[in-house]
Amino acid sequence: MSAPDSTTGTQAGHQPAARPRSGSGRYIGQRVPRKEDSRLLTGRGQFVDDITLPGMLHVAFARSPIARGRIVSIDTDVARDIAGVHAIYTQQDLAPFNVDLLSFYLVPPEVETTPLANGRVAYVGEPIALVIADSRPVAEDAASLIEVVFAEEDPVVTIDDARRGMPVHPGAEDNIAAQMGEEEIDEDLQAQLDGAPHLITHRVVHQRISQSPMETRGVVATRDGAEELTLYITCQSPHLVARWVSLALGLPQTAIRVIAKDVGGGFGLKNHPWMEETAVILAAQLFNRPLKWIEDRYENLIAANQAREQEMVLQIALDDEGKLIASHGDYSVNNGAYPQLSECNIAVHMFVWAAYKMPRYGFLTRGWYTNTVGYAAYRGPWAMESLIRETALDVAARRIGIDPIELRRRNLVTLQDQPTTSCMDIPLEDITPAECLEKLLQAFDVSAFRKEQEAGRLQGRHLGLGIATYVEPTGAAGAITTMTGELAQVRIEPTGKVTATMSTHSQGHGTATTMAQIFADRLGVAYEDVTVFEGDSSRGGFSPGAAGSRQGVIAGGAAIMAADLLATRVRQLAAHLLEAEVDAITVDDGMVHVEGAPDKSRSLAEIASTAYGEPDRLPPGFEAGLEAQYRYQPPPMTFSSAANACVVEVDIDTGFVKILRWISSEDCGTAINPSVVEGQIAGGLAQAIGMVLLEEVRFDARGNPLAATYKDYHLPAISDVPDFEFVHASTPSQSVGGMRGVGEGGAIIGAPALVNAIADALAPFGEVPVDLPLTPTKILGVIEGRDLRSKPDSDQHQFIAEHTAAGPQVEVPATAAGTADQTAAPADIRVDGDWNMVLSTPMGPQEMTGHFETDGQALSGYLSSPEGQMEFTGTVEGGNLKFDLKVQKPMKITLKYTLAVNGDKIAGKCKMGIFGSAKVSGTRA
Amino acid sequence: MSKHTIEMTINGRRHTADVESRVSLSDFLREDAGYTGVHIGCDHGVCGACTVMVNGEAVRGCLMLAVQADGARVTTVEGLAAPDGTLHPVQAALRDEHGLQCGFCTPGIVMTMAALSAREKRPTEEQLLNALSGHLCRCTGYQGIRRAARKLASPEPAESTGGDSV
Ligand code: FES
Ligand code: FES
């Protein structure tokens, strides 16, 4: 597509042209049927397992039966002899490719992560060998005959094990995968917590979750030439996969085509390839035949990356009126052995108090390596912030004796309070949780419910009401390399039909529908005449697809901008051809009209045909054709807000929870298609019900997964999910089109709403420990006042004690500033010159070079990285360096470096404001 | 492994094949017969995605062997719509009520509802919902599926309850 300036734009904040005067609101905001449905309802979808290529062979993996140990030997002889087996590969065969399994941020992992086990295994299910055979059953037969001898070691399974156990990764000092925040609570903050009239210390334990898309992982890989590769893969963005594979394999991106027409759900699991997919891609290159691997459900439940296993203690100080004074959070997340990113989930702390007037917050946050399958995202990865805050606020309300709704009213940030910034420096301009709450209360009569609850209790019925409010950052773009804007390319064909290519990707999101609604609406054509293409990396431009509730916001804005550029061209051309003023031209239902001259009406097809085929009739300088494209860069963050009410009845004889009513009141700005919006929310709420009541990936003490089928891992069924009622507030956002993201919210707010309802129902029996899932056994334990589980959970007090105890638990390397080896000879502390350094941030290691010059105790120099070069001045004493750098992006913070030089090595740390400290290490250049 | 010759009618067409006895009906329908609308979500009988009709009854294709269907009349989701493309009432109801997102669970849900709807007596809402409790959908939260079931169960066309404001 040619893209001269007139039809191309990339500028942020560019306001769209006035909407075409006809057709206003005809499709945007309507519950039109989805474009995707007719093929999916008739079995004509194209999922990865539906692909068959000539000469294609099948892959199965031999996997580790133990959680930790050294591989002594691998014997594939018997397996190789099975008829129909073509090849068996181990890491030794794949090693020459030298592949880095990159994170979502496209940086190499903190710990070496290979496609197949490299001499050791670190979790049950880790792939050790890859079998290529005529069919999947034969490949499985052969895989089961591969003999592996292990020197087994004791695994580290839980977060608690990780704190005390042997490092999972040989050579590491500890099991900390990532860490931020302060190891000791700041003295002033501690004083505020200690001196408050009310201090709530609330602990939440969140079980491990399997994302469980109904379509498991899978890939068909075929090598088409020396450097060309075609992948059919179930994923969340073909563009991100193409970029990931090109960087991981060192191939030019243009040589890689990734196709994913239909995807059976992603939910964070399918952001990018991981071990098995990478192994298949490499094996296809080695063996030179198309290969297919489709994960079975057993593999998916034990060996696909998982999410959410985390613990947090939140302290909240309140005054007698229930006003918030200060808070501290201590968070830990199980990263497994090979996480898709070494994660300490800083977002939990960024957003925990974003919607509330909280004057002060401090935190410690850590991710831990264990001998379990690695961590990956799951819808609303930071959702712990809402779960712990909203459940803690209800505990506080009961403790202080204030109505939980009133407690929220006193502390929520309202529209009148804005613009303002949160205690974590998040700028807030238009969040509406307080307004969503009031709207919710118009739809739900709380006092009538309280009467019913009271009457019920007299009859032995235990009803409970849970209210939760939250905000969510959506449509983020710009702060992380992979989180970009979205590209819309649209054309009116010579036939008058509209085709568009989007950078979006749907795993059920219906983007081909919502984007078509926008184009039809803004171009004045029938919805039926618009077709949107996506799902192929050779079409459209880069975007990370479905990640972070972003497509409606960003791609919606791109579609509007591109459509408006094109609509302007249509009107210019029509005005010229029909001898009318541009302002007099309208387009409606595929017809071009001239105001006041009905006889001049022409079909859009006629105008379009002229635009392509009769260059002589075009206005001077008018580019032939009717095409436009626009890459929309939205504001850095767009907030969605919501308040939910959930009513449950708890059967105190069985411990079963029945959900009686659920109302979602949310503000997602402009709803392009309310049915699609409600579908996203409902899907998330159902997942929240699963988290609170049903789902759990458990391990035994040896790290064996205990949920290997859907008989052990309980997904919510239709009988577990009530009818959801929806109340929409639609405060337009500041992004083009006014949309706010809606993909993750249900999964975030649903859990605290339901937990609060259960806790309200059981209030007569005491507090309900938030240890998910709340199984009937755990609930009966609350009712009977004793722990009914076979293995009592005795570590609660220990956990809190350990975390509130003074004193750092982790030391920075001994060479760091302050603890630097002062006995080193003076010759070892030459500071001046150039250094290659690595800053270990939770987003992955960042490489930079440093240049230092000393003059007595004065230090000057610069740090340079791909982002640019920054100069500084500081001090030097012995080999100890101190200097500060002020950075503006992604937010304003001062980086305080303390480094120590020892010989040709340099090490120390960088304090990154509220983000805590990161390790720095390096060598002389 | 020894092979068996089987013959069945799939979506009205006769199909003959030699299959290993261990091949499930769902794998056979997908790989031998080419009906990839039969989806495999778990392969152990829990999710319902593989549901097809065998002699008019809804059956989990992953729990039945292809050889067991020798001589049977099999219908997959590909065989429901009219030849001119008009959707079966179950398919139309699911589309109208936004009963699907990714569409992976959908063929099984369609077949279960279609098998019940084909019976002489129109199924009650309760019968439909009971049958649907054996299907897992990770995307939709079942809202549109339940609305579709209500629509199919009630004698009069039910009003769309598109989840409008309460
Ligand atoms: S695939 Fe047959 S029930 Fe899940
Ligand atoms: S629509 Fe995705 S699993 Fe049901």
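So here's what we get for this one:
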{"read-out": "Residue identified as under 30 Å from A:G29 (Cα atoms), at pLDDT 90 or above and surrounded by 15 or more Cβ atoms within 10 Å (Cβ to Cβ) among A:G745, A:G781", "value": "A:G745"}
{"read-out": "Search result, residues across region B:27-66 that are of a type in the set (G, A, S) and within 8 Å of chain A (Cβ to nearest Cβ)", "value": "B:G37, B:G41, B:A49"}
{"read-out": "Residues of region A:138-180 satisfying the condition of being out of contact with any Asp or Glu (no Cβ under 7 Å at 6 or more places or on another chain), over 17 Å from A:A337 (Cβ atoms) and among the acidic types (D, E)", "value": "A:E140, A:D141"}
{"read-out": "The lone exception for B:A131 - which of (1) more than 10 Å from chain A (Cβ to nearest Cβ); (2) within 16 Å of ligand 1 (Cβ to nearest atom); (3) of a type in the set (G, A, S) it fails", "value": "(1)"}
{"read-out": "A:T531 being at pLDDT 95 or above, closer than 17 Å to A:V32 by Cα and either surrounded by fewer than 21 Cβ atoms within 10 Å (Cβ to Cβ) or not assigned by TED's automatic domain parsing to the domain that holds A:G590 (or both)", "value": "yes"}
{"read-out": "Output for region A:99-124, where each listed residue is of a type in the set (G, A, S) and more than 26 Å from A:S237 (Cβ to Cβ)", "value": "A:A117, A:G119, A:A122"}
{"read-out": "Residue that is farthest from ligand 2 (Cβ to nearest atom), among those in region B:35-69 that are out of contact with any His (no Cβ under 6 Å at 6 or more places or on another chain) and of a type in the set (V, I, T)", "value": "B:V54"}
{"read-out": "Residues that are under 17 Å from B:G61 (Cβ atoms) and without any contact (Cβ under 8 Å) to a residue 60 or more places away in the chain, drawn from region B:1-19", "value": "B:H15, B:A17, B:V19"}
{"read-out": "Every residue from region A:663-719 that is within 16 Å of ligand 1 (Cβ to nearest atom), touching a Lys or Arg at 6+ places or on another chain (Cβ under 8 Å) and in contact (Cβ under 8 Å) with a residue 60 or more places away in the chain", "value": "A:A707, A:T709, A:Y710, A:L715"}
{"read-out": "In region A:92-126, the residues that are among the acidic types (D, E), at pLDDT 90 or above and surrounded by fewer than 22 Cβ atoms within 10 Å (Cβ to Cβ)", "value": "A:D93, A:E112"}
{"read-out": "Hits in region A:522-563 - residues which are among the acidic types (D, E) and under 31 Å from the mean Cα position of the chain (by Cα)", "value": "A:E534, A:D536"}
{"read-out": "Hits in region A:682-711 - residues which are of a type outside the set (D, E, K, R) and within 8 Å of another protein chain (Cβ to nearest Cβ)", "value": "A:A682, A:G683, A:G684, A:L685, A:A686, A:Q687, A:T709, A:Y710"}
{"read-out": "Candidate set from region A:491-513 (those that are within 12 Å of another protein chain (Cβ to nearest Cβ) and among the polar types (S, T, N, Q)); member that is nearest to A:R34 (Cα to Cα)", "value": "A:T513"}
{"read-out": "Sole residue being under 14 Å from the mean Cα position of the chain (by Cα) and surrounded by fewer than 24 Cβ atoms within 10 Å (Cβ to Cβ), chosen from B:G103, B:G34, B:G45", "value": "B:G45"}
{"read-out": "Among residues of region A:220-236, those that are modelled with pLDDT of 95 or more and either touching a Ser or Thr at 6+ places or on another chain (Cβ under 7 Å) or away from chain B (no Cβ under 14 Å) (or both), counted", "value": "5"}
{"read-out": "Residue within region A:147-168 that is of a type in the set (A, V, I, L, M, F, W, C) and in a helix (DSSP H, G or I) present", "value": "yes"}
{"read-out": "Region A:40-64 - residue that is more than 18 Å from A:E534 (Cα to Cα) and part of a loop (DSSP other than H, G, I, E, B) and, of those, farthest from the other protein chains (Cβ to nearest Cβ)", "value": "A:S64"}
{"read-out": "Where a residue in region B:83-110 is more than 7 Å from chain A (Cβ to nearest Cβ) and hydrophobic (A, V, I, L, M, F, W, C) and its partner, wherever it lies, is in a helix (DSSP H, G or I) and within 14 Å of ligand 2 (Cβ to nearest atom), with Cβ under 7 Å and at least six apart", "value": "B:V90/B:V110; B:V90/B:M113; B:A93/B:A148; B:I109/B:L132; B:I109/B:I145"}
{"read-out": "Every pair of residues 6+ apart whose Cβ atoms lie under 8 Å, when the first sits in region A:494-516 and is away from ligand 1 (no atom under 16 Å from the Cβ) while the second is among the acidic types (D, E) and assigned to a strand (DSSP E or B)", "value": "A:M502/A:E486; A:S503/A:E486; A:T504/A:E486"}
{"read-out": "Condition met for B:V23 (more than 13 Å from chain A (Cβ to nearest Cβ) and either more than 24 Å from A:V263 (Cα to Cα) or in contact (Cβ under 8 Å) with a residue 60 or more places away in the chain (or both))", "value": "no"}
{"read-out": "Leading residue by the ranking (surrounded by the most Cβ atoms within 10 Å (Cβ to Cβ)) among those in region A:297-315 that are over 14 Å from A:V204 (Cα atoms) and in contact with a strand residue (DSSP E or B) (Cβ under 9 Å, 6 or more places away or on another chain)", "value": "A:A307"}
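Condition check ((1) away from chain B (no Cβ under 14 Å); (2) surrounded by 23 or more Cβ atoms within 10 Å (Cβ to Cβ)) across all residues:
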| residue | (1), (2) |
| --- | --- |
| A:P252 | yes, no |
| A:K261 | no, no |
| A:G268 | no, yes |
| A:H272 | yes, yes |
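The values are calculated or read from the model by the stated rules, or taken from the named source; none is laboratory data. Computed from a predicted structure; not experimentally measured. Every residue, glycine as well, gets a Cβ built from its backbone with ideal geometry; the counts of neighbours run over all protein chains shown.
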